[in-house]
Amino acid sequence: MQFCKITYTGFEWQFFVLPFNLNKTCREEYLASIYGTEKDKVNCSFYFKIGACRHGDRCSRKHVKPTFSQTILCSNIYQNPAHDTNCNMSEEQIQAHFDDFYEDFFTELCKYGEVEEMHVCDNVGDHLIGNVYARFRYEEDAQKAVDNLNQRFYAGRPIYAELSPVTDFREACCRQNENAECTRGGFCNFMHLKEVSRYLKKELFAAQRNFLREQRRVKREKSEI
């Protein structure tokens, strides 16, 4: 056995143990193919797919934080009143509470750049509860959001923002939950997303498109002067 050193785009250098009989090209292809999967014995597949792991710093596998990414994570931001045992709000009131939060936070994120997706976890595990994930169109806007949000507070609580390795939310989400078949409930280690009202989501992204279109128009007119 031997140690092979390889880089994965946007991440730190890692060490892997590989058979001697693989040539360099085969080694690199093999490592790339198993990166972030269950076969990868070095890096945590949950952190790679979801950007969070229930073991945290105690995890036996490495949590490789990206040096650049389109996606950001704001941990434990949304305080779902339904998780309070003393909550007496109706389902309609709880949905309205969430819609207000989604609109407020989405509007704030749009100040840093074009937001392509924003999702909020409905899980109750410590590493996922209230997590907000947002994917920007451009990596530099995601970095700008992280830099600024870490100096901000929301609802009287400090915001903890970081770049996230999540690139495909379909892989991060619990497919069993989407079919109402998840037996783990809120303690599932895959994302259970809280759904925002469709009309609101449609309105928010339409407003963002109109704003960006107007920005481009103004910029174009200034360049023609």
Segment Asp168-Ser45, extension gain: residue separation times 0.36 nm, minus the distance between their alpha carbons: 42.9 nm
Around Val196, what is the net charge, scoring Lys/Arg as +1 and Asp/Glu as -1 over all other residues with Cβ under 9 Å from its Cβ? 0
Can you list residues whose amide H is under 5 Å from Tyr154's amide H, if they're 5+ apart or on another chain and H is modeled 1.01 Å from N? Ile159
Report the per residue volume, in Å³, of the convex hull enclosing the C-alpha atoms of the stretch 71-224. 130
Once you've got the Cα coordinates, tell me which of Lys111/Lys201; Lys202/Lys222; Lys111/Lys222; Lys62/Lys111; Lys49/Lys111; Lys194/Lys219 are over 25 Å apart. Lys202/Lys222; Lys62/Lys111; Lys49/Lys111; Lys194/Lys219
Inter-probe distance in nm under a simple model that places probes 7 Å from Cα toward Cβ, at Ile94 and Gln79: 1.7
Placing each pseudo-label 7 Å from Cα in the direction of the beta carbon, Ala206 and Phe68 end up separated by a distance in nanometres of 3.6
How much length is gained on full extension from Lys111 to Arg137, taking 0.36 nm per residue of separation minus their Cα-Cα distance? 8.1 nm
When a footprinting reagent is the concern and you count Cβ atoms within 10 Å, what order do Met191, Met118, Met89 take, fewest first? Met89, Met118, Met191
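Any read-out appearing in this document is the output of simple, stated calculations on the displayed coordinates, not a laboratory observation. Quick caveat, the model's predicted, so the values are computed rather than measured. Quick reminder, even Gly has a Cβ in these numbers, built from the backbone with ideal geometry, and neighbours come from all protein chains shown.
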